[in-house]
Amino acid sequence: MPSRLTTSVAATGLATFALLYAPQSVLPDIANEFRLTPAEASLTISAATGALALAVIPMAALADRIGRRRVIVWSVLTAAVLGLLLPLTPTYETLIAARALQGLATAGVPATAMAFLAQEANKTHVGAAIGALVAGNSAGGMLGRLITGLTTDGTSWRAALAIAGAFGTVCAITAALLLPKGHDTERRPSALKDALTDRVLLCQYAVAVLAVAAFISVFNVIGFRLTADLGLPTGIAALVFLAYAAGGTSAPAGRLADRHGRARITLAGLALAAAGAAITLPDNLITIALGLTLFTGGFFAAHAVASGWVGARAPEHARGQASGVYLFAFYVGSSTGGTAGSAAYQAHGWPGLVVLITVWLALAAVAVVIAHKAQRARKAQRARKARTAQKSSGTATPGPPVTATVPN
């Protein structure tokens, strides 16, 4: 992959996800200023991700009409400008409105980045490139949270968001200057129906909703637990977002899925996330840090394989629409699940949240098993049809019976 493309895509991911999740580490400070509950404060994140979910499919359609590069550049620059304006919002209501606008602007990047990368990268390395893209996005999310968390002590959450906005702006300008012009793409009719009627794809959308609901819930309220329950300063509490470095599991998870099957690696990721969540139960900073690291690594592994599964499963004419629906599901889970998890923490404390997200992860595992069985059944059906066709044409030759090789 050309270094210019790599650098520009990395800058795009850094800007997008740093801006999208920068307020998460200062939610306790926002709650204190506006006298909010944890569930109410979590709307600062949910407003942006919810708006993104609503806009991601229309943005993908717009990109097919006017060009993916143009949508990416304008999206990331607009989100950066709004990031600079966030610290000036005078009320909670205007903050939520500004975050919703930022989510709408941001939608252009996830809606088109994977398709743009697949279009521009070496065809034989698309899978690894997408895994690297997911890992780069996780780095942006980590840096955005760390910047605000580490700079808010001694200043304010507004000053911290201003610094994060400046960082996002620098990355956005870098992306706009370096992103390759791109090749012309063939415009094709919508295949949304195909993306919404395949059982295997539907299961991957369910994995996206449930897994990201668990993930965002944990990181929405971990700051409240560490500052209110354990008495840590915001800057120290923000160090837990270093767990995002475990997002590097995305790329190796994709490679392992190619060797051992997608279902097996997705289930392993979900199990690792559930185990990590359980480890965070004791009020001990070491176990909390270890648990969050395992939880994060498991989530990103499952997410990377599930998103790759969508691309591999969807028919060629429906891959763009299937990816758009997956992202829609992902950000719906982020928005609604994040708020629901915050409400669970508010009502039942950290143990109540861990129980809830464990149930979500278990349901995601059930969806993976259903997808695996459906895929095996379809492969077996195709093998039977092939044998029948051979017998009907009289071309069958003696030998071992035909069996289906089933990728998970």
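Of note:
- Residue match in region 249-260 (condition: touching a Phe, Trp or Tyr at 6+ places or on another chain (Cβ under 6 Å) and modelled with pLDDT under 90): yes
- Test: residue in region 59-79 that is under 25 Å from Ser217 (Cα atoms), crowded, with 17+ Cβ neighbours inside 10 Å and either touching a Pro at 6+ places or on another chain (Cβ under 6 Å) or small (Gly, Ala, Ser) (or both): yes
- Of all the listed residues (Leu226, Leu232), the sole one being aliphatic (A, V, I, L, M) and in a helix (DSSP H, G or I) is Leu226.
Rundown of residues vs (1) in contact with a strand residue (DSSP E or B) (Cβ under 7 Å, 6 or more places away or on another chain); (2) over 16 Å from Ala273 (Cα atoms); (3) in contact (Cβ under 8 Å) with a residue 60 or more places away in the chain; (4) aromatic (Phe, Trp, Tyr), yes/no style:
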{"position": "Ala340", "(1), (2), (3), (4)": "no, yes, yes, no"}
{"position": "Ala343", "(1), (2), (3), (4)": "no, yes, yes, no"}
{"position": "Gln346", "(1), (2), (3), (4)": "no, yes, yes, no"}
{"position": "Leu353", "(1), (2), (3), (4)": "no, no, yes, no"}
{"position": "Val359", "(1), (2), (3), (4)": "no, no, no, no"}
{"position": "Leu363", "(1), (2), (3), (4)": "no, no, yes, no"}
{"position": "Val366", "(1), (2), (3), (4)": "no, no, no, no"}
{"position": "Ala371", "(1), (2), (3), (4)": "no, yes, yes, no"}
{"position": "Gln375", "(1), (2), (3), (4)": "no, yes, yes, no"}
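- Region 12-31, residues that are more than 16 Å from the chain's Cα centre (by Cα) and either polar (S, T, N, Q) or buried (at least 24 other Cβ atoms within 10 Å of the Cβ) (or both): Pro23, Ser25, Val26, Leu27
- Verdict on Ser217 being under 30 Å from Asp153 (Cα atoms) and of a type in the set (Ser, Thr, Tyr): yes
- Condition met for Leu242 (at pLDDT below 95, in contact with a Leu (Cβ under 8 Å, 6 or more places away or on another chain) and either buried (at least 23 other Cβ atoms within 10 Å of the Cβ) or of a type outside the set (D, E, K, R) (or both)): yes
- Candidates Ala386, Ala277: the one that is assigned to a helix (DSSP H, G or I), modelled with pLDDT of 90 or more and not acidic (Asp, Glu) is Ala277.
Residues are listed down the side, and each one gets a yes or a no for (1) within 28 Å of Leu150 (Cα to Cα); (2) under 18 Å from the mean Cα position of the chain (by Cα):
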position	(1), (2)
Val170	yes, no
Ile173	yes, no
Val200	no, no
Phe215	yes, yes
Asn220	yes, yes
Thr249	yes, yes
Pro252	no, yes
Ile279	yes, no
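- Selection status of Gly291, under 17 Å from the mean Cα position of the chain (by Cα) and either part of a helix (DSSP H, G or I) or surrounded by 20 or more Cβ atoms within 10 Å (Cβ to Cβ) (or both): no
- Of all residues in region 220-239, those that are buried (at least 24 other Cβ atoms within 10 Å of the Cβ) and at pLDDT 90 or above total 4.
- Among the residues of region 309-322, those identified as within 17 Å of Thr266 (Cβ to Cβ) and either touching a Gly at 6+ places or on another chain (Cβ under 6 Å) or part of a helix (DSSP H, G or I) (or both) are Trp309, Val310, Gly311, Ala312, Arg313, Ala322.
- Evaluating Leu82 against the criteria (1) under 26 Å from Gly311 (Cα atoms); (2) buried (at least 19 other Cβ atoms within 10 Å of the Cβ); (3) of a type outside the set (Gly, Ala, Ser); (4) more than 21 Å from the chain's Cα centre (by Cα) leaves one unmet condition, (1).
- If you go through region 1-59 and keep only what is without any contact (Cβ under 8 Å) to a residue 40 or more places away in the chain and assigned to a loop (DSSP other than H, G, I, E, B), you end up with just Arg35.
- One residue stands out in region 64-73 among those that are out of contact with any Phe, Trp or Tyr (no Cβ under 8 Å at 6 or more places or on another chain) and either among the aliphatic types (A, V, I, L, M) or outside any helix (DSSP H, G or I) (or both): the one that is farthest from Ala113 (Cα to Cα), namely Ile66.
The values are calculated or read from the model by the stated rules, or taken from the named source; none is laboratory data. Owing to the predicted nature of the structure, the values given are computational and were not obtained by experimental measurement. No Cβ is skipped: glycine too gets one built from the backbone with ideal geometry, and neighbour counts run over all protein chains shown.
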